[in-house]
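Enquirer: Provided herewith is a single structure, encoded as structure tokens, for subsequent inquiry.
The values are calculated or read from the model by the stated rules, or taken from the named source; none is laboratory data. Treat the numbers as computed from the prediction; the structure is a model and nothing was measured. FYI the Cβ positions are ideal-geometry reconstructions off the backbone, even for glycines, and counts take in every protein chain you see. Each accessible area value is taken on the protein alone, full model and side chains, heavy atoms only, with ligands, DNA and RNA left out. Shrake-Rupley method; radii C 1.70, N 1.55, O 1.52, S 1.80 Å.
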Amino acid sequence: MGPRTAAVVLLLASLGAGDEARREIDKRNEAYAGDIERYFRESLVEQYPARAAKAWNRSYTSPRAFLKSVEPNRARYRRMFSPPDLKPTGPLRREPFPGVEGVKAEWLTLPLGTLRADALLAIPENAAGPVPLVIAQHGIGSFPERVFGVDDPGNSYHKYGRALVEEGFAVLAPMNLFTVEKRNRMERLARLADTTLPGIELVRVQRLLDEVLKDKRIDRERVGMWGISLGGMATMFWTPLEPRIKCGIVTAWFNHRRNKMVIPDKRYSCFLETKEEHAFFRGWLTEFTDSDVVSLICPRPLMVQTGKKDGIAWWPQAVEEFEAAKEHYRRLGIEDRIEMTLHEGGHEIHLESGLRFLKKWLLRTP
């Protein structure tokens, strides 16, 4: 073997040893990642009940006592979203919006400094007296017009905004940021600024409510919210922090939140396995799984709509979580105020039950 050949053999041997060493390094890193994930699974899922039991000190002696007992949790919940202080920097602008067939609608724009709040508003014509208002919130792949049936090829919205107007409700359909990619990008910036995108969007809708509820055609004491998918998230997130919302419908969002966020399962889509990093908020699973968030809505009426064919959840787990949520109402003797519509469809509005629920709680005499 000549010197050159010996050098090549030594080089190959060295590369082989390096490859093996790198494989060991990667293996060690994978093992560490596995340890961290198991640590968080134990903390976020298995240890959640014990942690939440210490975090909540609910009183069920009366609705008033109940509300007082959950106020510390509500304050911590608000800090989770850290809504910024956005104030109007100009008057509300109203423009006729002809793009919604069969409904007389306006496009609203409220300047908030660099930001603005935009929404569609439709009020029943020739209504006798002030009418109740429903905030109808679109999902992540949608926009305000779709609430009224515009460009809805799958008919998952079932034109529920139009149906609400026909039933005598005013409808406010805010524009939230849509597409996963854009929400991911903006949520990164929001975290750097110690806020959240839902916190920003909460304040936008609050400032819109400030203006819209000045309209004498709308009854400011009868406001509800009905959102689907990401709009269901908004309904769950905002209702605990906005007392003017008197009742809500959460469609295609309510879930066994610990499993949904942390535990991959073939029966449902786990957020941990997706690219939707916008759906992760600091402190969420310290004490705010869905049944606990519902206790920040209680004693206000709430409906949950879940489709058995909706891949966002394994419906038996959603039912289990709903029963835990219902317990707050049951212990207060007001379980007629909370309902679950478990239907045979998928990721969609269930129109009939939702209209019935809102007519029950908003159309009757306050």
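Enquirer: Is one or more of the residues making up region 61-80 without any contact (Cβ under 8 Å) to a residue 60 or more places away in the chain and in contact with a helix residue (DSSP H, G or I) (Cβ under 7 Å, 6 or more places away or on another chain)?
Expert: no
Quick grid of which residues meet (1) touching a Cys at 6+ places or on another chain (Cβ under 6 Å); (2) more than 21 Å from Trp314 (Cβ to Cβ):
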| residue | (1), (2) |
| --- | --- |
| Gly224 | yes, yes |
| Glu242 | no, yes |
| Phe271 | no, no |
| Val294 | no, no |
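Enquirer: Considering Glu321, Glu348, which residue is open to solvent by 40 Å² or more (accessible area, probe 1.4 Å), in contact (Cβ under 8 Å) with a residue 60 or more places away in the chain and within 19 Å of the chain's Cα centre (by Cα)?
Expert: Only one candidate passes the filter, namely Glu348.
Enquirer: When you go through Val205, Val165, Val147, Val212 one by one, which is the residue that is within 29 Å of Gly345 (Cα to Cα), hydrophobic (A, V, I, L, M, F, W, C) and in contact (Cβ under 8 Å) with a residue 40 or more places away in the chain?
Expert: The unique qualifying residue is Val165.
Enquirer: Condition (residue is of a type outside the set (Phe, Trp, Tyr), within 17 Å of the chain's Cα centre (by Cα) and open to solvent by 20 Å² or more (accessible area, probe 1.4 Å)) applied to region 307-316: is it met by at least one residue?
Expert: Checked against the condition, which is being of a type outside the set (Phe, Trp, Tyr), within 17 Å of the chain's Cα centre (by Cα) and open to solvent by 20 Å² or more (accessible area, probe 1.4 Å), region 307-316 yields at least one hit.
Enquirer: Continuing with the same structure: So which residues in region 273-306 are surrounded by fewer than 23 Cβ atoms within 10 Å (Cβ to Cβ), among the aromatic types (Phe, Trp, Tyr) and touching a residue at least 40 places away in the same chain (Cβ under 8 Å)?
Expert: Phe281, Trp284
Enquirer: Could you check how many residues of region 174-200 are assigned to a helix (DSSP H, G or I) and open to solvent by less than 10 Å² (accessible area, probe 1.4 Å)? Full working, then the answer.
Expert: Our first condition is that a residue be assigned to a helix (DSSP H, G or I); within region 174-200, this holds for 180-192, 197-200.
Then keep just the ones that are open to solvent by less than 10 Å² (accessible area, probe 1.4 Å); that gives 183, 187, 190, 198-199.
The total comes to 5.
Enquirer: Select from region 242-261 the residues that are hydrophobic (A, V, I, L, M, F, W, C) and either under 11 Å from the mean Cα position of the chain (by Cα) or closer than 15 Å to Pro174 by Cβ (or both) and list them in ascending order.
Expert: First, the residues of region 242-261 that are hydrophobic (A, V, I, L, M, F, W, C): 245, 247, 249-250, 252-254, 261.
Across region 242-261, the qualifying residues are Ile245, Val250, Ala252, Trp253, Phe254.
Enquirer: Additional query: Out of the residues in region 207-241 that are over 28 Å from Phe280 (Cβ atoms) and assigned to a helix (DSSP H, G or I), state the one that is least open to solvent (accessible area, probe 1.4 Å).
Expert: Of region 207-241, the ones over 28 Å from Phe280 (Cβ atoms) are 210-224.
Narrowing the set further to residues that are assigned to a helix (DSSP H, G or I) leaves 210-212.
On the way: Asp210: 53, Glu211: 45, Val212: 0 Å².
Among residues in region 207-241 that are over 28 Å from Phe280 (Cβ atoms) and assigned to a helix (DSSP H, G or I), the one least open to solvent (accessible area, probe 1.4 Å) is Val212.
Enquirer: For the condition open to solvent by 10 Å² or more (accessible area, probe 1.4 Å), in contact with a strand residue (DSSP E or B) (Cβ under 6 Å, 6 or more places away or on another chain) and either modelled with pLDDT of 95 or more or in a loop (DSSP other than H, G, I, E, B) (or both), what is the one hit in Val147, Val165, Val171? Walk me through it before giving the result.
Expert: On the way: Val147 fails: open to solvent by 10 Å² or more (accessible area, probe 1.4 Å); Val171 fails: open to solvent by 10 Å² or more (accessible area, probe 1.4 Å).
Testing whether each residue is open to solvent by 10 Å² or more (accessible area, probe 1.4 Å), in contact with a strand residue (DSSP E or B) (Cβ under 6 Å, 6 or more places away or on another chain) and either modelled with pLDDT of 95 or more or in a loop (DSSP other than H, G, I, E, B) (or both) leaves just Val165.
Enquirer: With the condition being closer than 30 Å to Ile263 by Cβ, modelled with pLDDT of 95 or more and open to solvent by 100 Å² or more (accessible area, probe 1.4 Å), I'd like the helices (runs of 4 or more DSSP H) fully within region 2-120 carrying at least 3 qualifying residues. I'd like the intermediate steps shown before the answer.
Expert: Working: elements: 3-41, 48-55, 63-69, 71-81.
The helices (runs of 4 or more DSSP H) meeting that bar are 3-41.
Enquirer: To continue, here is another question. Mind listing whichever residues of region 121-143 are within 30 Å of Val180 (Cβ to Cβ), of a type outside the set (A, V, I, L, M) and assigned to a strand (DSSP E or B)?
Expert: Going residue by residue through region 121-143, those that are within 30 Å of Val180 (Cβ to Cβ) are 121-122, 133-143.
Those still in the list that are of a type outside the set (A, V, I, L, M) too: 137-139, 141-143.
Correct list: Gln137 only.
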